[in-house]
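The values are calculated or read from the model by the stated rules, or taken from the named source; none is laboratory data. Computed from a prediction, not measured in an experiment: that's the story for all the values here. Glycine gets a Cβ as well: all are built from the backbone with ideal geometry, and neighbour counts include every protein chain shown.
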Amino acid sequence: MSLQGKHIVLGITGSIAAYKAAILTRLLVKKGAEVQIVITPAGKEFITPVTLSALSGRPVISEFFASKDGTWHSHVDLGLWADLMIVAPATASTLAKMACGIADNMLITTYLSMRAPVIVAPAMDLDMYRHITTRRNIEKLAQDGVKVIEPTVGELASHLEGKGRMEEPENIVCFIEEYFASQNYLQGKKVLITAGPTYERIDPVRFIGNFSSGKMGFALAEECAQRGAEVWLIAGPTSLSITHPLIKRIDVESAQQMHMAATDVFPQMDAAILSAAVADYRPQEFKTEKLKREGKEDFSLNLTINPDIAASLGQMKGAEQTLIGFALETNDEMQNAKKKLEKKNLDFIVINSLQEKGAGFGGDTNKVTILMRNGDHVSFGLKSKKEVAKDIIDFVFHIKSSKEN
Ligand code: CTP
C-alpha cells in the first residue's frame, strides 16, 4: 500500500535499536510518507541527526528551540500536522514518561500534543521489559489508546536471549500500512467538493466576492483523499494549493461556472460536499469597459440571481448519492439550516455560526454542528479546519451514532 502524502512523526529514543529507525525512515519515505523525526537527547547518542535528516529530507527536531536562531519548535503544530505518530525504538524511560506525562523533552511534549493515533515499538533488555513497572506503563499506555508493537524474542545487545528486540522495520511498516488501510473506507468512492468564494465580474477590474478562503473545502478534499476517495475539487478563486494524487482540481471563477462544472460531474459521484460560498447574485450585465465615476453621487448595480448549485444537485440526486451542504448563519441557526436542508434536498447540513468565536470564514479554526434529515444533530468543539474536516467525513461517511467532543 502507498503511504503517499501521509504525515508521520517518528520519535526516536536512546536505545541501540535506534539504528533501525534509519531503515524505518527510509522505508516510510520510499512509500511516499512525509516523515518528521523527533529525537530525544539520549537518542542522538545512538544515531546522528545528520543521517536521519538526510533520509527523511527534513531537519530533525530534538530541542525545544532551534540552536542557530532560537526559533521555537512547536510541538502543538506537529500534533496537528501528523496523521500518525510512532515511537520506535521506545525505551523503558520514554514509555514511563509517556504513561505519566513527564514532558521534559520535545518528544514527550509532542506526544502530549498529538491529535493523531500513536504507536510505540518498545526496545530494551529482557529484564527491563518484563519488570512490573514497565509492564504497568505499557498497560497504561494501551488503556490510553496507544497501539503497542510487541518486541520480539532473540539475542539482545547485552548478549542475553529474550524478549526485548524492537520489531523489524519492515514489519513496523506493515503495521502502519494496516492501520492506514483500516482508515481507507472511502476507497472506490467518488466525491465532489465545492470550495472557496465565487467572483462575479462587474467590469474588467471589479467583481462581487466574499471573504471565503476555501480552507474548509480544501481540508475536506484532503481528508476524503486520505481515506481513499477520488475527489473532484471545484474551487473558486483562492491562493490555496493541494497536491494529493487522488484530487482533481477544477478552477472556476463565477457561480455559473461552478454550477456548470458541478452538474457536469455529479452524475458519476457517490457524494458531494458543497462548502463553497457561492454568490447568490451577479451583475445583470458585464461591462466590457471599466465603469467611470464621472461625478456620479450615487451608483446602483442591477443584480440577477445565480443558480443554486446545492438545489440543482438536490434535484438530480439519485437514491445512492449523498449530498452535504453548509449553512453559514448569523442568527436562528437551527431553523434556517433545517429549511435549507429540506429545500435543497440535502442529507446533512453543516452549520457554521458566525456568533461562535473562531468559526466561519478565513481563519484556521471552525466550530460546527451537523444536522441530519431526521432532525438529530451533533455538535463539535472548536478545532482546526483539518480536524473539523476529519470529524465531518468520519461522521457523514462512517456514521457515528453520536459524538460530542
Ligand atoms: N449554495 C450553492 N449555490 C448557491 C448558494 C448556496 O451551492 N448559489 C450552497 C452552499 O455551498 C451551501 C448551501 O448551499 O452548501 C447553503 O448556502 P448559504 O449561502 O448558507 O445559503 P443560501 O441558500 O445562499 O441562503 P441565504 O444566503 O439566504 O442564507
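Against the definition (farther than 27 Å from Glu139 by Cα and not in a helix (DSSP H, G or I)), how does Arg115 come out, yes or no? Walk me through it before giving the result.
Working: farther than 27 Å from Glu139 by Cα: no; not in a helix (DSSP H, G or I): yes.
Spelling it out, it is not the case that Arg115 is farther than 27 Å from Glu139 by Cα and not in a helix (DSSP H, G or I).
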Problem - Matching residues, segment 304-343, being in contact with a strand residue (DSSP E or B) (Cβ under 6 Å, 6 or more places away or on another chain), part of a loop (DSSP other than H, G, I, E, B) and under 24 Å from Asp376 (Cβ atoms) - result: Lys317
Exercise for the section: List every residue pair whose Cβ atoms sit under 7 Å apart, with the two residues 6 or more apart in sequence or on different chains, where the first one lies in segment 136-160 and is surrounded by 12 or more Cβ atoms within 10 Å (Cβ to Cβ) and the second, anywhere, is among the acidic types (Asp, Glu) and assigned to a loop (DSSP other than H, G, I, E, B). Expected result: Ile149/Glu167; Pro151/Glu167; Thr152/Glu167; Leu156/Asp125; Ser158/Asp125
Practice task
With the condition kept exactly as written, say whether any residue in segment 220-233 is modelled with pLDDT of 95 or more, part of a loop (DSSP other than H, G, I, E, B) and in the same structural domain as Glu329 (by TED's automatic domain parsing).
Solution key: yes
Exercise for the section: Considering only residues that are touching a Gly at 6+ places or on another chain (Cβ under 8 Å) and in a strand (DSSP E or B), look in segment 252-276 and name the one that is farthest from the ligand (Cβ to nearest atom). Expected result: Ile273
Practice task
Please work out which residue is nearest to Pro267 (Cα to Cα), limiting yourself to segment 318-328 and to residues that are surrounded by fewer than 18 Cβ atoms within 10 Å (Cβ to Cβ) and not polar (S, T, N, Q).
Solution key: Gly318
Handout entry: Close pairs from segment 305-326: first under 17 Å from Lys338 (Cβ atoms) and among the aromatic types (Phe, Trp, Tyr), partner in a loop (DSSP other than H, G, I, E, B) and within 13 Å of the ligand (Cβ to nearest atom), Cβ under 7 Å, at least 6 apart
Key = Phe326/Ser275
Exercise for the section: Output yes when any residue across segment 127-136 is within 20 Å of Pro169 (Cα to Cα) and either in contact with a Cys (Cβ under 8 Å, 6 or more places away or on another chain) or of a type in the set (Phe, Trp, Tyr) (or both), and no when none is. Expected result: yes
Completion exercise
Across (1) within 12 Å of the ligand (Cβ to nearest atom); (2) modelled with pLDDT of 95 or more; (3) surrounded by fewer than 22 Cβ atoms within 10 Å (Cβ to Cβ), Ala310 clears everything bar (3)
Fill in the blank from the handout: Scanning segment 287-302 for residues that are in contact (Cβ under 8 Å) with a residue 40 or more places away in the chain and either of a type in the set (A, V, I, L, M, F, W, C) or in contact with a Gly (Cβ under 9 Å, 6 or more places away or on another chain) (or both), the one nearest to Lys385 (Cα to Cα) turns out to be Leu301
Exercise for the section: Working only within segment 277-303, note down all residues that are within 16 Å of the ligand (Cβ to nearest atom), of a type in the set (Gly, Ala, Ser) and assigned to a loop (DSSP other than H, G, I, E, B). Expected result: Ala279
Completion exercise
Within segment 340-368, the residues that are charged (D, E, K, R) and either outside the structural domain of Gln315 (by TED's automatic domain parsing) or within 9 Å of the ligand (Cβ to nearest atom) (or both) are Lys340, Lys343, Lys344
Fill in the blank from the handout: Sole miss for Leu354 among (1) farther than 17 Å from Leu220 by Cβ; (2) buried (at least 22 other Cβ atoms within 10 Å of the Cβ) is condition (2)
